[in-house]
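Take a look at the structure below.
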Amino acid sequence: MDEMTRYMERGLFRPYVLWVCSKSQISGTDFLNVERMHNHTLSPGKLYPVLHKLMDEGLLEEEERIEHGKVHKYYSTTRLGEEVLTRLRSDLGPPMKHFLEEWLNASAGAVPS
């Protein structure tokens, strides 16, 4: 992975984790497994500190469940977390939105407008 890719991933990782947790409750293990299914290597040492930081900021909440005799923690967004995601979508300026849309469409095989 080159330097520019690492830089972009670092910058987008926290909003990405928040977004994933907004879709449905997800455990850290399930999160890691989904990433693996998409051929993306994500270590627990990168994911769990971000989950805990987002919880400390009040953006995620954790629910503990006993499954197969073990405690599993599931993460989901709080109301504040949802508000932050909404604000991120609206605060992102038109040039950046246009860049992301065009770039993602081009990587999906669409012709840029």
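Readers should treat all values here as calculations from the given coordinates under stated rules, not as data from a laboratory. If you're wondering where the values come from, they're calculated on a predicted model, not measured in any experiment. All Cβ positions, glycine included, derive from the backbone under ideal geometry; neighbour counts span all protein chains shown.
Helix 44-56 and the long axis of the chain differ in direction by around 80°, with both axes built from C-alpha atoms. Applying 0.36 nm per residue to the separation of Y48 and R6 and subtracting their alpha-carbon distance, the gain on full extension is 13.3 nm. Helical content of the chain, expressed as a calculated mean residue ellipticity at 222 nm, amounts to -20500 deg cm²/dmol (DSSP H runs of 4 or more residues, -39,500 (n - 2.57) each, divided by residue number, nearest 500). A cut-off of 5 Å between modelled amide H atoms, ignoring neighbours fewer than 5 places along the same chain, links L60 with M55, T78.
The distance separating the Cα centre of the stretch 77-95 from that of the stretch 13-73 comes to 19 Å.
Translational diffusion of the stretch 3-107, estimated by Stokes-Einstein from the Kirkwood radius over alpha carbon pairs at 20 °C in a medium of 1.002 mPa s, is 142 µm² per second.
Counting pairs of alpha carbon atoms under 8 Å apart in space and at least six apart in sequence, what relative contact order in percent does the stretch 3-107 give? Answer for the stretch 3-107 is 27 percent. Between 0 and 90 degrees, the angle of helix 3-23 with respect to the longest Cα principal axis of the chain falls at about 50 degrees. Spacing of the modelled spin labels on H38 and A106, each 7 Å from Cα toward Cβ, amounts to 2.1 nm.
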